[in-house]
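Here the structure comes first, spelled out in structure tokens, and everything after it is commentary.
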Amino acid sequence: MRYMLLIYGDERAYAALSEEELAAGMQQWTDYTKWLGEQGWMKAGDALQPTSDATTVRVQGGERVVTDGPFAETKEQLGGYYEIDVANLDDAIEAAARCPGSVHGTIELRPIMEFDLPQG
Amino acid sequence: MTEREAVGTTDRSAGAVDRLFRHERGRAVAALIRATGDFDLAEESVQEAFEAALRRWPREGVPVSPGAWIVTTARNRAIDRLRRDRVGRAKVEASERLRELQTMTDDPAEIPDERLRLIFTCCHPALPIDARVALTLRTVGGLTTREIARAFLSSEPAIQQRIVRAKRKIREAAIPYRVPPPELMRNRRDGVLAVLYLIFNEGYGATQGTYIRRDLCDEAIWLTRVLNGLLPVDPEVRGLLALMLLQHSRRDARTDDAGRLVLLQDQDRARWDHDAIDEALAMLDETLELRAPGPYQLQAAIAALHARAPRPEHTDWPQIAALYGALARMEPGPVVELNRAVAVAMADGPGPGLTLVEPLADRLDGYHLFHSARADLLMRLERREEALEAYRRAAELATAPAEREFLARRIAEASASGP
């Protein structure tokens, strides 16, 4: 069963961290990623650049509308994700609770939709 | 009268189905979910099995093992359904389930009780709390959606939708159908107990409509008994069961013939259910000997001190105040502090009680029982004007008609006692 672990946090708080805090934080993420791998749960994972680097695109009546910034202004922003493959929601909750992002921010767990594709 | 009662009044075998439905439906559904991994398939098959029983038992007589007959018939219905209407990927999964089902025994002694899995799944923290309540009452308790809607003054479609969404989430988010492993047990057990106590409390003092909903209290007690019977000895499960039995033992004395509230100190203690009290006290004594205290055991111990007092003036208020103190250390919160303050007022007088009540004003300003407790103390201190004001504030905040009526009487009495 695959889940997305969507990691939300306050990116301004993140930007205000000192060099040492950043290094310590990075070590936690590295350890966590390693742990996910050891569990056999890790499928993929990335961190995202801040929403100040985001571009929003819509096509309205055939016209491309390209705007600067994120889709929605919120207190916590999507900062990264993991895709995991685990037995059930309890394991996914375990993975989310151990993620460093769950301490200062919020993890949203979303099951990945599986499609019944035609064979051949 | 419930639908189940209505079925049971005419025909003896219909009555047998009715009683069986109450006790065996949850068990059969739990076994079928275990085998099929599919809530809807399990419930539909069990429903069909009960319908078949209603048709056949009056003619053919009640089988020796009615419960096993229901599970076996439901299993056969599930096999028929799986053969009939599954396609694609679902069909592959279905044939795996079929194999599981076909290995299910016909021997009732070997059909395991899977209701623990069902209870923990229905009370999973990833489900919204109102869905946990509705799903537990529906699948474990065997209540109809109509009965649940009536109990919570909601509409049938709303309850139905809540249950459909919860089942969908169990399936799509892969909430496991299992008893939690040891490292999750304590937390999940607390979650189950919270759901059961919530059901009980809605029956104990309904926020709207008829004040005491006995059927809901009975349901919560029955569910807690099932949990207690299936889990290894757990002091908090027993503590909750004892607490519910003690609170519910006062049901006939808590309101008068006109449905008006009667305070604990004014209740006719002969009308308490002394069989229930005896059962609860014995259970609690045995449980406290395990020396693993918890919030439910403490609350039961407090209720037990009331139950043990033959007359109100025999109540051991200093001990009740001490137990609330212990509860506050375990689960700090302003409502526990308020209860402790009331007990202190009974033990040491209204002055010391009020001293403990006043600092809670900020946190409990929106809670009607804070204002009514404060008003009672002010009355005892003969500060009538302040008491009246506090009673009025309580009456504004109360929602249950029985409580509003009670507070209106208090206001009238306080006004009349003036100079």
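Read-outs throughout are calculated quantities, based only on the coordinates presented, and are distinct from any laboratory measurement. Owing to the predicted nature of the structure, the values given are computational and were not obtained by experimental measurement. Because the Cβ atoms are built from the backbone with ideal geometry, glycine has one as well, and the counts that use them run over all protein chains shown.
Structural remarks
- B:ASP113 versus B:ARG168: modelled label distance in nm, points set 7 Å from Cα along the beta carbon direction: 3.4
- Backbone geometry of the range B:219-234 corresponds, through the Karplus equation with coefficients 6.51, -1.76 and 1.60 at θ = phi - 60°, to 3J(HN,Hα) couplings of 4, 4, 5, 4, 4, 5, 4, 4, 4, 4, x, 9, 7, x, 3, 10 Hz, x marking Gly and Pro.
- Sites B:TRP222 and B:ARG291, calculated FRET efficiency, Cβ-Cβ separation with R0 25 Å, nearest 0.05: 0.30
- Cα Rg, Dmax, the range B:114-232, angstrom units: 13.8, 41
- Between B:ARG251, B:ARG269, B:ARG409, the GNM of chain B built on Cα springs shorter than 10 angstrom shows B:ARG409 fluctuating the most.
- Sequence of A:HIS104, B:HIS314, B:HIS368 once ranked by neighbouring C-beta atoms within 10 Å, starting from the fewest: B:HIS314, A:HIS104, B:HIS368
- Extension gain for the segment B:ARG84 to B:ARG383, taken as residue separation times 0.36 nm less the Cα-Cα distance, is 100.0 nm to one decimal.
- Tilt relative to chain B, helix B:39-60 - C-alpha long axis, 0 to 90 degrees, to 10: 80
- Mean projected area of the Cα convex hull of chain B, taken over all directions, amounts to 23.4 nm².
- Between B:GLU96 and B:GLU51, residue separation times 0.36 nm minus the direct Cα-Cα distance comes to 13.5 nm.
- For the range A:46-59, backbone phi angles converted through the Karplus equation (6.51, -1.76, 1.60; θ = phi - 60°) give residue-by-residue couplings of 8, 9, 10, 5, x, 5, 5, 9, 7, 10, 10, 10, 9, 10 Hz, Gly and Pro being listed as x.
- Placing R0 at 51 angstrom, the Cβ-Cβ distance between B:GLN160 and A:GLU19 gives a FRET efficiency of 0.35 after rounding to 0.05.
- Computed from the Cβ-Cβ distance with R0 of 22 Å, the FRET efficiency linking B:VAL335 to B:LEU263 stands at 0.75.
- Over the range B:35-87, the alpha carbon radius of gyration divided by the compact-protein estimate 2.2 N^0.38 Å works out to 1.19.
- Using θ = phi - 60° and Karplus 6.51 cos²θ - 1.76 cosθ + 1.60, couplings along the range A:24-41 (whole Hz; Gly, Pro as x): 5, x, 4, 4, 4, 5, 5, 4, 5, 4, 5, 4, 4, x, 5, 6, x, 9
- The range A:2-111: proportion of alpha-carbon pairs further apart than 16 angstrom, %: 63
- Computed over the range B:241-308, the ratio Rg/Rh where both radii use C-alpha atoms and Rh is Kirkwood: 1.03
- The residue among B:VAL195, B:LEU298, B:VAL335 whose Cα reaches farthest toward the positive pole of the charge dipole of chain B, with charges on the beta-carbon of Lys, Arg, Asp and Glu, is B:VAL195.
- Just checking the listed ones, B:ALA300, B:ALA361, B:ALA373: in the Gaussian network model of chain B with Cα springs under 10 Å, the one fluctuating most is B:ALA361.
- Cα gyration tensor of the protein assembly as shown - equivalent ellipsoid semi-axes, whole Å, descending: 45, 38, 22
- Computed over all pairs of different Cα atoms, the Kirkwood value for the hydrodynamic radius of the range B:143-206 is 13.7 Å.
- DSSP-assigned coil residues among GluC sites (Glu not before Pro) in the range B:276-332, each with at most 12 further Cβ atoms within 10 Å: B:GLU289
- Å³ per residue enclosed by the Cα convex hull of the range B:351-419: 70
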